[in-house]
Each structure stands twice: as C-alpha cells, then as structure tokens.
Amino acid sequence: MRSSTTIKQYMKDAWPVLIVLNLSILGTLGIGLKFYTPPVRVPIVLLLVCCFTLFINFSAFVLFLTEKILPREQEFGKIIKRFRRGDSRMQNYVLPLDYVDENYEIRGRCMTYNPIGGDFYNFLKDKDGNYWMGIGDTSGHGYVAGLFSLMIMNQMSHLVHKFEAPHEIIDQMLEHLEERTNTFPHIHRSLYATFLLMKADNKGNFLHSGIHPSLVLYKSKEDKTYVVSTDGKFLSTVMNSPLKKPKPSQSFKMDKDDILFCFTDGLFEQKNRSIGGYYGENLYKFLETAPKKNIRKLIDDLFSDVVKHTGGRIQDDMSLLVVRKF
C-alpha cells in the first residue's frame, strides 16, 4: 500500500520531469536511427535503448525518494502532514486544550522547529473567575528551551491565584528566576524568554504586561483590525535594564464578537528562501481578510499558508493564541 502511494505521489509531483526526460530519449533515438549505419541489428539497438530508458527512469525515481528531485514540494508535504496530525510533543502533552464557555472562546496552536521547542502558551481561570492567558517564546530550541518554558507555565499557573495584576506576576517570576539561578549556577544566564501575560474579566476588560510582539485586535462592529502594542520586562536575569522604571499593566477592551490574535515572532519571521521575503506583512493581510466565523479553521488555514510560504521549511517555532469574546 505504501509503495503504490509513493509511486502515485511520484507520478503526480514529477510528471513534467518524466515527460521531458522520456521525450528527450525518444527524440535522440529517432535522430540516431535516421543516421544509423548498422554494424549491429536494429532490434538489438532498440533493446539497448529500452534498457537505458528504464535505467534513467529508475534513477530518477530513486533520486525522488532521496529528495534530490523536488525537495521543496516533498518537505512541504511532510510538514503539512505533521501539522495536521498534531505531531508535536509540546502540543500533545504540555500545552492546554482549547477552551470555550459563555464568555470566551480561547484556542491555541503551536508548531515547533523540533518536537520540543521554546514556544508556549497557557490559559486558565483563577478562583475569582478571571481569565488568565499567556504566550511566550524562550530563546533557542530543544529540551533546554522547553524546560525553561515549562518553568514559566508552572509559575504562571501558581501565581495567578496570589496576585491581582499581570506586571506583579512577571516581577515575581523574575525574582524566582534570580533565586533559581543563584541556587543552580550552571543555569545559563543568557537564556531568556519574551512573555505576554493577560488578565480578563467576563465583561471583556483586559490587563496585560510583558515584552512580546504586538497583538492584533479585530473589532467586529467596525470590521477592522487594530494593533495593540505591548510593554514590560523580559523573563531574564540580565536583559532588563536596572534603570528601567516599573510600568503598570496596560489595558484594552473587547466587545462581543471581537477577536484577539496573539503570536510569537516565529510566525511572521518565517522566510521564503527563494525570494528572501519574510511572512510578516502577509500575516496582517491574512488576519484582515480571512473569514472569522470558525476560529479553528482560521488557525489551520493560517498555518498552512505560512508553511506554504516557506516551501515546507520552517526556521523557528511559531505559536498562535486566539481569543473571541461572546
């Protein structure tokens, strides 16, 4: 079954190459026979040509299997399958499941460069019924970045029940990170994360703090998108200026049917190697024009569009957190 599928895929993807290759062989054979003076009988020549043609086609098929032919299309197909299958350990075992109640619809999606990456998001309700949402990006890739991200998620899940404002929680995270780094000196001080923490009540009033890419807020009544800037501190023991004055959490308001898009920089910094262009501007165009009735489909379509832009070769983790107000 797998062999027949592979052959079908080969015929589907490589048919232009096959046509040019075999027509070239037939054309060369026709010209050769026209000027051929036979020291060897024609049937034997035809047999040799058939063997040569089979050898060339078999070589092309082997090259296709080893991704020497059409590597971009093959890589794109693989990563799309991985995305649709949900083959991401962070996504499957760590990140929260989508959440829907009478006030909000909250959905997230993450595609990591490695099975375990530095991107993460988290959301939960506190004991007073407030909604807390966070999204972040730890520097680097692999299990070290993943462990750093897990530490942040663990701290967030604990601290939202003890403090009122996002900037207070981030300050507590920084204190914890400093204490942990002093206790275990082998922890690299160069490791850091951008992190946005948001708090929302059931009426759509949001507070947020943290250094992170700007948010995109779609206002349903106006049918228009707005960019919401962010500000705060890195989750790092060395990257925050000691002279930087503490800033209170910022605010914005979501009304019924408004949609908020939060994403890591990997989403808009994915690069097309052929033309050298980043996805960035396409992201904002996509969010403006895409149908917004079905958020899950919107997320699927966006990730598919990003992967298509890169030719199937993503260069960084990318995450998206989407919130709709009911």
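Using 1/(1 + (r/R0)^6) with R0 = 56 angstrom and r between the beta carbons of residue 25 and residue 289, what's the FRET efficiency to the nearest 0.05?
0.75
Test of understanding: extend the Cα→C-beta vector of residue 102 to 7 Å, then name every residue of the range 185-225 with backbone N under 13 Å from that spot.
Under 13 Å, as judged by backbone N against the label point of residue 102, lie 202-203 of the range 185-225.
GNM on the chain, C-alpha springs below 10 Å: top fluctuator among 197, 260, 147?
Among 197, 260, 147, the largest mean-square fluctuation in the Gaussian network model of the chain belongs to 147.
Under a GNM of the chain (C-alpha, springs under 10 Å), which listed residue has the highest mean-square fluctuation: 91, 172, 270?
Result: 172 has the largest fluctuation of those listed.
Which number do you get for Rg(Cα) / (2.2 N^0.38 Å) in the range 145-191?
My calculation over the Cα atoms of the range 145-191 gives 1.18.
Percent of accessible area on the chain owned by carbon and sulfur, 1.4 Å probe?
Solvent-exposed carbon and sulfur of the chain make up 59 percent of the total.
Compare the peptides 152-159, 246-253 by average per-residue count of other Cβ atoms within 10 angstrom and give them in order, highest first.
Most protected by this proxy first, the peptides run 152-159, 246-253.
Give me the three principal axis extents of the range 230-322 from the C-alpha atoms, as integers in angstrom, largest value leading.
Sorted from largest, the Cα extents of the range 230-322 read 44, 38, 18 Å.
Between the range 113-158 and the range 188-241, what is the C-alpha centre distance in whole Å?
The range 113-158 and the range 188-241 have Cα centres separated by 14 Å.
Can you check what the net charge comes to around residue 260, using other residues whose Cβ is under 12 Å from the Cβ of residue 260 (Lys, Arg +1; Asp, Glu -1)?
Result for the neighbourhood of residue 260: +2.
Let me know the longest stretch in the chain that avoids all GluC sites (Glu not before Pro) found in a DSSP loop with at most 12 other C-beta atoms within 10 Å.
The longest uninterrupted stretch comes out as 103-221.
Projecting each Cα onto the charge dipole of the chain (Lys/Arg +1, Asp/Glu -1 at the beta carbon, about the Cα centre), which of 318, 7, 186 comes out farthest on the positive side?
7
So what does the Cα-only Debye profile of the chain read at q = 0.09, 0.10, 0.15 Å⁻¹, as log10 I(q)/I(0), no solvent term?
Each listed q maps to, in turn, -0.58, -0.67, -1.22.
The values are calculated or read from the model by the stated rules, or taken from the named source; none is laboratory data. All values derive from a computational prediction rather than experimental measurement. Neighbour counts are summed over all protein chains in view; Cβ atoms, including those assigned to glycine, are modelled from backbone coordinates with ideal geometry. Surface accessibility is based on the protein's heavy atoms, side chains included, excluding ligands, DNA and RNA. Shrake-Rupley method; radii C 1.70, N 1.55, O 1.52, S 1.80 Å.
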